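Student: Just passing along the structure, written as structure tokens.
The values are calculated or read from the model by the stated rules, or taken from the named source; none is laboratory data. Treat the numbers as computed from the prediction; the structure is a model and nothing was measured. Glycine gets a Cβ as well: all are built from the backbone with ideal geometry, and neighbour counts include every protein chain shown. Just so you know, the surface numbers come from the protein's heavy atoms only, side chains and all, with ligands and any DNA or RNA stripped out. Shrake-Rupley method; radii C 1.70, N 1.55, O 1.52, S 1.80 Å.
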Amino acid sequence: MPNDTVKTILARWSCRAFTGEMPSGEDLRTVAGAAVAAPSGMNRQPWRVVVVKNKALIGEMEAEGMRVLASLADKSAYERIRSRGGRLFYNAPCMIVVPVPSAGTPQLDCGILTENIAIAAASLGIDSLICGLAGFCFAGEKSEGFKSRLGFPEGYEFGIAVLLGHAAGPGRPHEPDMGKISFVE
């Protein structure tokens, strides 16, 4: 019988339709605290955690991300988002943006931190979506402005984002492929 942590991991799903209702400040502080409690190589903690609750700023970032996606030669990601309602951030009222140093290799540490965010949020009844596509907000002409407004330190770039809020409808976790597990004795 799995414990509460394993049950939370197995029940978590990627929400792509949020109500727009903001999670409580206390819950967001708890999630951010769980994020920075993530392990990192040699305890370097190469990240910053920016909790964005400003809906207007999120809207500006969404518009820029969609503009950049629409400008790409490969329109598949843009078309997929449009087919799901045309919202890059799916009406999420909050997002955590994780800036990381542009030098070095912080991607693995960033991934561990991101999982802490998603699991902590799920444990508090907050739905989430790990959103790499938010990187397109930082790929266009407004990149430096967004980095400044979000307080990115000098030499930091977008690492990942996690959308947070409450689901507009029911969801379910993906079906894990248990065939990808092997044991070597």
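Student: When you scan segment 116-135, do you find a residue that is part of a helix (DSSP H, G or I) and acidic (Asp, Glu), even just one?
Tutor: Let us first name the residues in segment 116-135 that are part of a helix (DSSP H, G or I), namely 116-123, 132-135.
Right, trim to acidic (Asp, Glu) and you get none.
No, segment 116-135 contains no residue that is part of a helix (DSSP H, G or I) and acidic (Asp, Glu).
Student: Related question: If you scan segment 67-77, which residues turn out to be free of Cβ contacts under 8 Å to residues at least 60 places away in the same chain and within 18 Å of the chain's Cα centre (by Cα)?
Tutor: Ala77
Student: Could you pull out the residue among Leu108, Leu113, Leu57 that is loosely packed, with under 12 Cβ neighbours inside 10 Å and in contact (Cβ under 8 Å) with a residue 60 or more places away in the chain?
Tutor: Working: Leu113 fails: loosely packed, with under 12 Cβ neighbours inside 10 Å; Leu57 fails: loosely packed, with under 12 Cβ neighbours inside 10 Å.
None of the others qualify; the one that does is Leu108.
Student: Identify, from the list Pro46, Pro93, the residue that is surrounded by 14 or more Cβ atoms within 10 Å (Cβ to Cβ), under 19 Å from Tyr156 (Cα atoms) and more than 12 Å from the chain's Cα centre (by Cα).
Tutor: Pro46
Student: Within segment 1-44, take every residue that is acidic (Asp, Glu) and in a helix (DSSP H, G or I) and give me the one that is farthest from Pro176 (Cα to Cα).
Tutor: Per the criteria, the residue is Glu26.
Student: Taking segment 151-185, which residues are open to solvent by less than 20 Å² (accessible area, probe 1.4 Å) and over 11 Å from the mean Cα position of the chain (by Cα)?
Tutor: Gly165
Student: Could we say that Gly33 is open to solvent by less than 40 Å² (accessible area, probe 1.4 Å), at positive phi and not acidic (Asp, Glu) here?
Tutor: So Gly33 fails the test.
Student: Here is a further query. So is Arg80 surrounded by fewer than 20 Cβ atoms within 10 Å (Cβ to Cβ) and either without any contact (Cβ under 8 Å) to a residue 24 or more places away in the chain or of a type in the set (Val, Ile, Thr) (or both) or not?
Tutor: Against the criterion (surrounded by fewer than 20 Cβ atoms within 10 Å (Cβ to Cβ) and either without any contact (Cβ under 8 Å) to a residue 24 or more places away in the chain or of a type in the set (Val, Ile, Thr) (or both)), Arg80 qualifies.
Student: A further question follows. In segment 99-115, how many are in contact with a strand residue (DSSP E or B) (Cβ under 9 Å, 6 or more places away or on another chain) and not in a loop (DSSP other than H, G, I, E, B)?
Tutor: Within segment 99-115, residues that are in contact with a strand residue (DSSP E or B) (Cβ under 9 Å, 6 or more places away or on another chain) and not in a loop (DSSP other than H, G, I, E, B) number 10.
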